[in-house]
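The values are calculated or read from the model by the stated rules, or taken from the named source; none is laboratory data. These numbers were taken from a predicted model, which means no experiment stands behind them. Cβ coordinates were reconstructed from backbone atoms using ideal geometry, including for glycine residues, and neighbour counts include every protein chain displayed.
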Amino acid sequence: MDFGGAISALKSGEKVAREGWNGKGMWLSLSGFIGGVDVHADNFWSKHNADFANESGGTVKVLPAITMKNARGEIVMGWLASQEDMLSEDWVIV
């Protein structure tokens, strides 16, 4: 499928990957909820985000992001597509 199909699959709760990726077991998922969710300051890992939430009344809306499980078994927060990723048609649901 193409990149648009991969985005639609992510929004539907699926994991997606490219058949052309060299790393084994890599995939993308959508972290969070469409439209965002209010998160309490105590639940942030980043002190700066927690401080902002406290300054904003104790919570702040967190919007979704695309994350990647990389070949080393780590989760990459805020994955961004390359030009090649966006133009490829080898996306699959995993």
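For the reader, a short list of remarks on this structure follows.
- In segment 55-70, the residues that are surrounded by 15 or more Cβ atoms within 10 Å (Cβ to Cβ) and closer than 15 Å to PHE44 by Cα: THR59, VAL60, VAL62, PRO64
- Of all residues in segment 26-49, those satisfying the criterion of being free of Cβ contacts under 8 Å to residues at least 40 places away in the same chain and within 15 Å of the chain's Cα centre (by Cα) are LEU30, GLY32, PHE33, ILE34, GLY35, GLY36, VAL37.
- Residue within segment 14-25 that is in contact (Cβ under 8 Å) with a residue 40 or more places away in the chain, surrounded by 11 or more Cβ atoms within 10 Å (Cβ to Cβ), of a type in the set (A, V, I, L, M, F, W, C) and out of contact with any Gly (no Cβ under 9 Å at 6 or more places or on another chain) present: no
- Every pair of residues 6+ apart whose Cβ atoms lie under 6 Å, when the first sits in segment 50-73 and is free of Cβ contacts under 8 Å to residues at least 24 places away in the same chain while the second is surrounded by 13 or more Cβ atoms within 10 Å (Cβ to Cβ) and part of a loop (DSSP other than H, G, I, E, B): ALA50/PHE44
- Residues of segment 3-41 that turn out to be touching a helix residue (DSSP H, G or I) at 6+ places or on another chain (Cβ under 7 Å) and at pLDDT below 95, as a count: 1
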